[in-house]
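The values are calculated or read from the model by the stated rules, or taken from the named source; none is laboratory data. Since the model is a prediction, treat every value here as computed from it, not as a measurement. Counting neighbours? That spans all protein chains shown, and the Cβs are built from the backbone with ideal geometry, glycine included. Note: areas computed on protein heavy atoms with side chains; ligands, DNA, RNA excluded. Shrake-Rupley method; radii C 1.70, N 1.55, O 1.52, S 1.80 Å.
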Amino acid sequence: MQPFSTRVATGILAAVLVGSGAAAAQGFGVYEQGGCAMGRAGAGVASPCADGSSIFFNPANIVSTPDVVSLGGTLILPRGAFTNDATGIRGSLLDKTYPVPNVYITKSHALTGSINRLAVGAGLFAPYGLTTDWPATFEGRFIGYKSVIRGLYLQPTAAIQLFHRVNAGIGLDIDFAKVQLRRRIDLSGQLVAPGLTFAQLGVAAGTDFADADLEATSTSWGFHVGASVKVNDWIDIGARYLSRHTVEFNGGTARIAQVPTGLVVPVDLPNPANPAQIAIPAGTPIDQLLAPEFASGGVLATQPATTSLRFPDQFVFGAAVRPVHRLTLLGDVQYTHWKLFQEVAIIFAKLPAVVLRQDNEDTWGFRLGGEYDLDPRLTLRAGYYTHDGAEPPQAVTPNLPEGGRHSFTVGLGSRVGRDFRIDAAYQYIDQVDRRGRTVAPAPGTLPTVALNNGLYTFHAHLVGATVSYAF
């Protein structure tokens with residue numbers, strides 16, 4: 001039984017860790033980190049919102065916001081499906097809602113000299129926090145039916161203002177990351193003996209015999225810098241840089257549970273070393289043959305795995321223009337260096353190491369937003385953004401059926417009393433349909449476009465709100 005078990009366990013752990021890393025590329029990135037900025041499609045690098053969310057959008061701009069503490073969050077409702085080319089069968093994501101929180105606090109102090117103002121603050125937010133969750137019966141379950149990435153960032157931040165015109169800021173990002181992937185394993189392609197697969201014994205393709213659940217947590221850090229310039233009374237520009245960093249997952253645990261098949265060996269199986277001797281008699285329950293591999297000491301027992309993932313750096317440049325009184329128009333351009341994420345090396349406690357390729361591409365995003373102060377207590381907002389996908393065609397799988405997107409937003413802000421403010425927004429995401437696959441490549445081979453066997457569709461509704469208190 002050793003040959004087929006080794007191959008299965010390697011496939012389980014590799015798919016789990018690589019799938020989770022890929023999830024961070026675009027589809028699992030959460031840019032909606034405040035109700036105000038969300039209403040203007042995330043365009044906020046040049047002109048800050050008053051809720052302290054500049055800690056995320058541009059650390060330099062916390063010197064241009066009031067002393068404030070804010071609490072907010074976004075509810076994400078992803079909806080997606082896969083339609084098989086050959087069968088026409090359609091499988092859909094589970095209809096679930098995922099909350100993503102954010103908390104900010106900023107405090108500034110006026111100074112004398114060339115540095116006119118100093119500000120400090122801290123933010124707690126989740127730039128990665130989405131899940132793809134398919135039914136356990138979905139045809140792509142042998143690649144993955146549940147993928148989760150949760151990255152909770154704690155960012156202490158400081159900024160200065162020079163000559164009332166130039167702001168500069170820096171933040172330290174402490175990333176508390178967690179990944180999970182659940183996957184079923186198909187028995188039909190596994191080896192029961194050298195040169196003999198379970199399919200050759202009559203086991204049908206798509207026969208589940210194991211459920212793998214891998215979870216890993218890690219803490220890493222990076223940095224975040226930004227600058228903004230007030231060019232004149234009606235034009236502001238800004239830029240921010242979020243550093244690349246490496247996340248070391250040294251404590252991953254794969255829990256592999258046996259799934260009963262109820263099947264039996266249909267014919268006597270001879271001993272390869274002595275063909276005249278019967279090694280496994282007909283009628284032997286297959287689940288009985290497999291059980292020792294899941295027991296303590298077996299290669300399918302719970303076991304650790306380690307890997308490291310490189311999160312890319314990103315650069316955003318933006319401008320804000322006030323063409324008329326009360327109206328602000330904003331635009332941001334975002335570049336993410338996803339080519340850094342090309343391959344992942346995975347080391348197991350018992351099994352051979354494996355190196356898998358992802359071959360991501362760099363991405364560009366464009367955001368346009370606007371807000372109009374209807375009166376001192378009410379602001380109306382709207383926006384649009386688009387970005388391309390990081391994944392090449394051969395990498396589009398159930399773990400992350402990611403692609404280029406278009407998104408539309410509306411929002412409003414209202415002052416309540418003298419010190420409180422509520423900002424709310426709605427966002428609709430429409431992703432470009434992408435061909436992808438629900439089948440894994442043969443062991444030892446790379447995925448190709450020829451494996452793509454259907455069409456992934458995706459859209460999402462998002463609702464966000466922030467309550468701020470200026471002190």
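Data table
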{"quantity": "Whichever residue in the stretch 349-376 is assigned to a strand (DSSP E or B) and at pLDDT below 75 and, among such residues, is farthest from T409 (Cα to Cα)", "calculated": "V354"}
{"quantity": "Matching residues in the stretch 147-164 - criterion: being surrounded by fewer than 20 Cβ atoms within 10 Å (Cβ to Cβ) and modelled with pLDDT under 95", "calculated": "R150, L152, L162, F163, H164"}
{"quantity": "Selected residue [open to solvent by less than 60 Å² (accessible area, probe 1.4 Å) and closer than 23 Å to Q180 by Cα] from R381, R437", "calculated": "R437"}
{"quantity": "Qualifying residue in the stretch 231-239 (condition: of a type outside the set (D, E), open to solvent by 70 Å² or more (accessible area, probe 1.4 Å) and part of a strand (DSSP E or B))", "calculated": "no"}
{"quantity": "Selected residue (criterion: farthest from T132 (Cα to Cα)) from residues of the stretch 386-431 that are open to solvent by 60 Å² or more (accessible area, probe 1.4 Å) and free of Cβ contacts under 8 Å to residues at least 12 places away in the same chain", "calculated": "R418"}
{"quantity": "Subset of the stretch 295-314 [open to solvent by less than 40 Å² (accessible area, probe 1.4 Å) and among the small types (G, A, S)]", "calculated": "G298, A301, A305"}
{"quantity": "From A199, A273, residue being over 34 Å from the mean Cα position of the chain (by Cα), free of Cβ contacts under 8 Å to residues at least 60 places away in the same chain and buried (at least 16 other Cβ atoms within 10 Å of the Cβ)", "calculated": "A199"}
{"quantity": "A23 being of a type outside the set (S, T, Y) and at pLDDT 95 or above", "calculated": "no"}
{"quantity": "Of all residues in the stretch 84-102 being part of a strand (DSSP E or B) and not hydrophobic (A, V, I, L, M, F, W, C), the one that is surrounded by the most Cβ atoms within 10 Å (Cβ to Cβ)", "calculated": "N102"}
{"quantity": "All positions within the stretch 279-306 that are under 30 Å from V179 (Cα atoms) and hydroxyl-bearing (S, T, Y)", "calculated": "S296, T302, T306"}
{"quantity": "Scope the stretch 452-468; condition open to solvent by 50 Å² or more (accessible area, probe 1.4 Å), of a type in the set (A, V, I, L, M, F, W, C) and farther than 19 Å from N102 by Cβ; matching residues", "calculated": "L455"}
{"quantity": "Matching option when the condition is within 28 Å of P156 (Cβ to Cβ) and touching a residue at least 60 places away in the same chain (Cβ under 8 Å), among G251, G222", "calculated": "G222"}
{"quantity": "Number of the condition not met by A450 [criteria: (1) in a helix (DSSP H, G or I); (2) closer than 30 Å to R244 by Cβ; (3) of a type in the set (A, V, I, L, M, F, W, C)]", "calculated": "(2)"}
{"quantity": "Pairs where the first residue, in the stretch 118-140, is open to solvent by 40 Å² or more (accessible area, probe 1.4 Å) and the second is β-branched (V, I, T) and assigned to a strand (DSSP E or B), C-beta under 7 Å, 6+ apart", "calculated": "L118/I160; V120/T157; L124/V103"}
{"quantity": "The stretch 134-170, subset among the aromatic types (F, W, Y) and not in a loop (DSSP other than H, G, I, E, B), residue farthest from G189 (Cα to Cα)", "calculated": "Y153"}
{"quantity": "Some residue of the stretch 204-223 being open to solvent by 50 Å² or more (accessible area, probe 1.4 Å) and assigned to a loop (DSSP other than H, G, I, E, B)", "calculated": "yes"}
{"quantity": "Among the residues listed as A110, A81, A60, the single one being surrounded by 20 or more Cβ atoms within 10 Å (Cβ to Cβ) and either over 18 Å from G464 (Cα atoms) or free of Cβ contacts under 8 Å to residues at least 24 places away in the same chain (or both)", "calculated": "A60"}
